[in-house]
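Structure first, commentary second.
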Amino acid sequence: MRYGVISDIHSNLIALERVLEALARQAIDSYLCLGDVVGYGARPNECCELLRSLDAVAVVGNHDLAACVPGDERWFTPVARICILWTRQVLTPANREYLVSLPVTTEVDGAHLCHASLADPDAYISSPPETLPSFAMMNHQTCFFGHTHYAEWFERIADAGMPHQNTVPGGATVVLKPGHTYMINPGSVGQPRDQNSQAGFAVLDTDAGTVAIERIGYDIHATQQQIIEAGLPRAMAQRLLTGI
């Protein structure tokens, strides 16, 4: 099986469509989404509907929940709060129902899926020590996560010692080795923060035992215009150019 793995779309429809075009050329059998379909960007309903049309296996992200559950935005930065309150106003009932129906974690074909970590749905995993609670909970070789908007993976040998961190803003292929366990972040589709403005995604090939982390360019200017025309903070548009 070949799975397209996407995360942190953040209402960036143009980036999502570009990523899905790239995945379609790779004979993908199914799609996995690691949450944060909405937030920040200007096309939340279109992104939800496109994801639903793919029948993607998905987990819920913190922005997805905040868009549906009043009060959850209290932890957000001021600009992120403005975006999520706007998103809450424009989401259709069907898309709101879809987002709140998503599980916090799930398992697919021998892999864990979560948004932030298996141990804490709001925790940021950006260093090897922060992976340890999740590694301790894994009963599969691989866990896919998002939330940080960084393309990278953490590799642990024989469930012992500190995992090794591999940050790959330019992309790379992970070869899944026997006796090793992995936490893999495909990067963000809609708002990369690893200083690469290209949309991030991954391809899990269970037959080959590999995960290819990839990047692809999209029309950032058009996305910026959508954000500005929606009346959302210009900072959300500006950051897309630099990938931060």
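Count of the range 103-127 residues, restricted to those that are out of contact with any His (no Cβ under 7 Å at 6 or more places or on another chain) and surrounded by fewer than 20 Cβ atoms within 10 Å (Cβ to Cβ), is 11.
Candidates 52, 18: the one that is touching a Phe, Trp or Tyr at 6+ places or on another chain (Cβ under 9 Å) and either in contact (Cβ under 8 Å) with a residue 60 or more places away in the chain or on the phi > 0 side of the Ramachandran plot (or both) is 18.
Does residue 80 fit the bill of being of a type in the set (A, V, I, L, M), surrounded by fewer than 23 Cβ atoms within 10 Å (Cβ to Cβ) and either out of contact with any Leu (no Cβ under 8 Å at 6 or more places or on another chain) or at negative phi (or both)?
Numbers: of a type in the set (A, V, I, L, M): yes; surrounded by fewer than 23 Cβ atoms within 10 Å (Cβ to Cβ): yes; either out of contact with any Leu (no Cβ under 8 Å at 6 or more places or on another chain) or at negative phi (or both): yes.
Here the answer is yes, as residue 80 does meet what is asked.
When the range 121-133 is filtered for residues that are in a loop (DSSP other than H, G, I, E, B) and in contact (Cβ under 8 Å) with a residue 40 or more places away in the chain, the ones remaining, listed by number, are 121, 122, 125. Restricting attention to the range 208-244, the residues being among the small types (Gly, Ala, Ser) and closer than 24 Å to residue 144 by Cβ number 5.
Just so you know, in the range 42-65 the residues that are outside any loop (DSSP other than H, G, I, E, B) and of a type in the set (Asp, Glu) include one that is surrounded by the most Cβ atoms within 10 Å (Cβ to Cβ), and it is 64. Against the conditions (1) in contact with a strand residue (DSSP E or B) (Cβ under 8 Å, 6 or more places away or on another chain); (2) free of Cβ contacts under 8 Å to residues at least 60 places away in the same chain; (3) at positive phi, residue 161 satisfies every one except (1).
Of everything in the range 176-218, what is over 17 Å from residue 6 (Cβ atoms) and among the charged types (D, E, K, R)? Give them in sequence order. 177, 207 - these are the residues of the range 176-218 that are over 17 Å from residue 6 (Cβ atoms) and among the charged types (D, E, K, R). Residues considered: 28, 9. Of these, the only one that is touching a strand residue (DSSP E or B) at 6+ places or on another chain (Cβ under 8 Å), in a loop (DSSP other than H, G, I, E, B) and surrounded by fewer than 22 Cβ atoms within 10 Å (Cβ to Cβ) is 28.
Here's the yes/no breakdown for (1) in contact with a strand residue (DSSP E or B) (Cβ under 8 Å, 6 or more places away or on another chain); (2) among the small types (Gly, Ala, Ser); (3) in contact (Cβ under 8 Å) with a residue 60 or more places away in the chain:
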residue: 101; (1), (2), (3): no, yes, no
residue: 110; (1), (2), (3): yes, yes, yes
residue: 135; (1), (2), (3): yes, no, no
residue: 144; (1), (2), (3): yes, no, yes
residue: 150; (1), (2), (3): yes, no, no
residue: 182; (1), (2), (3): yes, no, no
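You will find that of 72, 36, 8, the residue that is modelled with pLDDT under 95, closer than 28 Å to residue 183 by Cα and not aromatic (Phe, Trp, Tyr) is 72 and no other. Scanning the range 165-221 for residues being over 17 Å from residue 34 (Cβ atoms), part of a loop (DSSP other than H, G, I, E, B) and among the charged types (D, E, K, R) gives a total of 3. If you go through the range 225-240 and keep only what is surrounded by fewer than 20 Cβ atoms within 10 Å (Cβ to Cβ), free of Cβ contacts under 8 Å to residues at least 60 places away in the same chain, touching a helix residue (DSSP H, G or I) at 6+ places or on another chain (Cβ under 6 Å) and not β-branched (Val, Ile, Thr), you end up with nothing.
Of the residues in the range 181-203, not one is surrounded by fewer than 16 Cβ atoms within 10 Å (Cβ to Cβ) and of a type in the set (Gly, Ala, Ser). Would you say residue 35 is under 15 Å from the mean Cα position of the chain (by Cα), assigned to a loop (DSSP other than H, G, I, E, B) and of a type outside the set (Val, Ile, Thr)? For residue 35, the condition - under 15 Å from the mean Cα position of the chain (by Cα), assigned to a loop (DSSP other than H, G, I, E, B) and of a type outside the set (Val, Ile, Thr) - is met.
The values are calculated or read from the model by the stated rules, or taken from the named source; none is laboratory data. On a predicted model such as this, the values are computed, not experimentally measured, just so you know. Note that we place each Cβ from the backbone using ideal geometry, even for glycine, and neighbour counts take in every protein chain shown.
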